[in-house]
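Only one structure is covered here, and it is reproduced in the block below.
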Amino acid sequence: LIRNIKAREILDSRGNPTVEVDVITANGFGRASVPSGASTGTHEALELRDGNSERYNGKGVLKAVENVSRISEILVGYDCRMQREIDMTMIEMDGTDNKAVLGANAVLGVSMAVAKAAANESKLPLYRYLGGANTFTLPVPTLNVLNGGKHAGNDLAIQEFMIQPVGAETFAEAMQMGAETYHALGKYLNESYGASSTNVGYEGGYAPKMEKTTEALDALMIAIDRAGYSDEEIKIGLDAAASEFFDGENYKVDGEAMSSEELTAYYIDLVNSYPILSIEDPFYEDSFDDFENLTSELWETIIVGDDLFVTNPERIAKGISTNAASGLLLKVNQIGSLSEAIDAATLATRNGLSLFVSHRSAETEDTTISDLAVALGADMIKTGAPARGERTAKYNQLLRIEEELGDAGEYIRL
Ligand code: PGA
Ligand code: ZN
């Protein structure tokens, strides 16, 4: 039974305040903290910030912390294993569609900490508590090794250039392949663009002064080759985060203004020239039609909806009925509770979409998403470069889970 729920303001990896929640039960304890995006979707649940310019440039989260006290008053005495009932109680208490009253940061912090307390009380690892007895798959890491867009101070329109070690036998081997390629990339960038090109963006990927998408992709291909891998073993994933370079009419890529038709042709060209396995948010966040068109043109590529779906079952249902995408990016704080995030994942996978569990560009040391990815049998986990503590925390947790599963564990085959 829940005895107390307590929240505090801590710092995230961008140096901004975020919410951390402790759930204290009769025989257990759970602690979780909440991430934050930079290229956030318009349709995401509301992240409650104080707006008091005298503290943290208005970014304080003391109101959300205070709201956790209000939530605690209601939830004391609940069995922490009643995850869904607890999440629905908070949603009802909030009363809005986007958690605008309590804040998705308050609700999600409680939701994740409740799950961790319940796992702790049940004496189960979190992935097994959430996923059940037959939980055994490890996702492919999609490692963001080169940053552009809003995540870096360069001129690349595409936000993320990721490597996907699909040819590994184990998760541990995938991380080795990823880290070796990351270092080969750093060395190549240093040689060709100078030392400052290996400065990193929000998610730990290098942020070289580049302007063209193909320049970044060529660098990745060189790195994969120099690290000793083939384009069968390591694939490439892109996150265009296209809402960020859409001006209401055109998309600005490689210094050119492109219509959605021109951008479609551009992506098709890229897929024909590079081993690209997935493209996330190729168009702005409400362009279901353009998504659908690209998904049918590139049926061998996974077209992933992030800002398009915002982990929202209603938007995912619309995407399924229109065939707008072939993959879901799952970010727990876009929807604001664990139960709703699991609903989103279930809806997507039942309808044949690939599942990518994802971090945000501002993170903490919290590793809930690693356990969640295993629990959901996710195809991929996207949690940045194999560098920076808030990113490696997630990958390292998956290394521990793989060790614990032993022979029963299996690296996902895509
Ligand atoms: P964000 O970026 O966390 O800044 O929104 C991540 C993404 O777009 O996938
Ligand atoms: Zn994205």
Folded to 0 to 90 degrees: helix 260-273 orientation relative to the chain principal axis, Cα: 70
Partners for residue 99 among lysines (Cα-Cα distance below 20 Å; same-chain residues under 8 apart left out): 6, 59, 63, 331
Distance from the stretch 259-285 to the stretch 100-168 (C-alpha centre basis), Å: 25
Cβ crowding within 10 Å averaged over residues, with 9-17, 225-233 ranked highest first: 9-17, 225-233
Rounded to 10°, Cα long-axis angle of helix 288-297 versus longest principal axis of the chain: 50
Degrees separating the helix 104-121 axis from the principal Cα axis of the chain, which is the longest one: 70
MRE, 222 nm, helices only [DSSP H, n ≥ 4, -39500 (n - 2.57), over the chain, to nearest 500]: -12500 deg cm²/dmol
Nonlocal amide H pairs with residue 384, under 5 Å, H built at 1.01 Å: 144
The stretch 129-175 - Rg over Rh from alpha carbon coordinates, Kirkwood radius: 1.19
Candidate lysines for bridging to residue 235, where Cα separation is under 22 Å - those fewer than 8 sequence places away on the same chain excluded: 187, 212, 382, 394
Average projection area in nm² (convex hull over Cα atoms of the chain, one quarter of hull surface): 18.7
Loop sites in the stretch 56-148: chymotrypsin sites (Phe, Trp or Tyr not before Pro), DSSP, at most 10 other Cβ within 10 Å: none
Percentage relative contact order, the chain, counting C-alpha pairs under 8 Å, at least six apart: 20
Highest average packing first - 23-29, 243-249, Cβ atoms within 10 Å: 23-29, 243-249
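For the chain, what is the accessible area per residue in Å² when the probe is 1.4 Å?
39
The values are calculated or read from the model by the stated rules, or taken from the named source; none is laboratory data. From a predicted model like this one, the values you see are computed outputs, not experimental measurements. With ideal geometry, Cβ positions are generated from the backbone for all residues, glycine too; neighbour counts draw on all protein chains shown. Surface accessibility is based on the protein's heavy atoms, side chains included, excluding ligands, DNA and RNA. Shrake-Rupley method; radii C 1.70, N 1.55, O 1.52, S 1.80 Å.
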